[in-house]
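Read-outs throughout are calculated quantities, based only on the coordinates presented, and are distinct from any laboratory measurement. No experiment lies behind these values; they were computed from the predicted model shown. Quick reminder, even Gly has a Cβ in these numbers, built from the backbone with ideal geometry, and neighbours come from all protein chains shown.
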Amino acid sequence: MISIIEISPTWFYNYNIILEMFFAVISGLISWFGAKAYRITKKNEAKILSRAFLFISLSYLLEGVFSWLSIREILNKSSQIPWSYLLLRTTAIYSHKLFMLLGLIALFIFTIKEKRKEVFIILTAISILTISFQNSCWMSFFLLNTIFLLFISQYYLKNYMRRKNLASLLTSCAFILMTLANITLAISIENPILYVPSQCLNLGAYTALLTNLYIILKARK
């Protein structure tokens, strides 16, 4: 299975890994903040939010791993690649997809206020089957992400229209940018020139989330 980084320009390889680690750290911080909020308030919404961003953080960590492995493979002049290396790389790719889908499904369930665990299980099963048995599994993966992100973006946009504050504006902008990034990534499979712009959109999204987190933490002091 190819890695999505293989459509990236060579000069962007190292920047790509740095960005993935940045996204992982920001998602991890949001997860930690959500877990802390849950311990104080015992609200189920905080627990779901914490778990969702934990899954997304793990997804980006694994994406960084398979990006690094893919770069090694691309730069390796040897025609023979150990099977253990290929197994690790394939496992990292599928694990990245699984954790990202788990995170987005959890956020989707959070936005529609669905409390039944069966819905989470069914959506996860359908998503896994979709990306496992399609010839273009990356395209299916990005399209699934986009569908979930469209609903999530709509929820946070409505939230901003009700509250009209900076924190809700940043959150809604972040998820809109993530949606655009996923659409651009899907297109970049056939048009690699769009890969770098898609990662720039993701950078904008996670910078907005980081700024939002800073504002919330500062307000609590």
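With the convex hull built on the Cα atoms of the chain, state its orientation-averaged projected area in nm².
12.9 nm²
Let me see the P(r) profile for the stretch 108-186: every Cα-Cα distance counted, bins of 5 Å, each bin given as a percent of all pairs.
Using 5 Å bins, I get a P(r) of 3, 15, 20, 20, 19, 14, 7, 3, 1 for the stretch 108-186.
Give me the number: length gained by fully extending Asn44 to Leu166, i.e. 0.36 nm times residue separation minus the C-alpha to C-alpha distance, one decimal in nm. Each step should come with its number before you reach the end.
Numbers: separation 122, 0.36 × 122 = 43.92 nm, distance 2.45 nm.
Roughly 41.5 nm would be gained on extension.
Calculate the dipole size of the stretch 4-220 relative to its Cα centre from +1 charges on Lys and Arg beta carbons and -1 charges on Asp and Glu beta carbons; express the result in debye to the nearest 20. Before the final figure, lay out the partial values.
Numbers: 20 positive and 8 negative charges, 256 e Å.
My answer is approximately 1220 debye.
Using only Cα atoms, find the angle between the long axis of helix 83-111 and the longest principal axis of the chain, and express it within 0 to 90 degrees, rounded to the nearest 10.
That works out to roughly 20 degrees.
Out of Ile7, Ala37, Leu101, whose Cα points farthest toward the positive end of the dipole of the stretch 4-220 (charges: +1 Lys, Arg; -1 Asp, Glu; placed on Cβ)?
Result: Ala37, furthest along the dipole toward the positive end.
Taking θ = phi - 60°, what integer Hz values does the Karplus form 6.51 cos²θ - 1.76 cosθ + 1.60 yield along the stretch 9-16, in sequence order, with x for Gly and Pro?
3J(HN,Hα) across the stretch 9-16, in whole Hz: x, 4, 5, 9, 3, 5, 4, 4.
Roughly what would the spin-label model give for Leu87 and Ile112, points 7 Å off Cα along C-beta, in nm?
3.8 nm
What chymotrypsin sites (Phe, Trp or Tyr not before Pro) does the stretch 111-184 have in DSSP loop regions with at most 15 other beta carbons within 10 Å?
Loop-located and lightly packed - Phe133.
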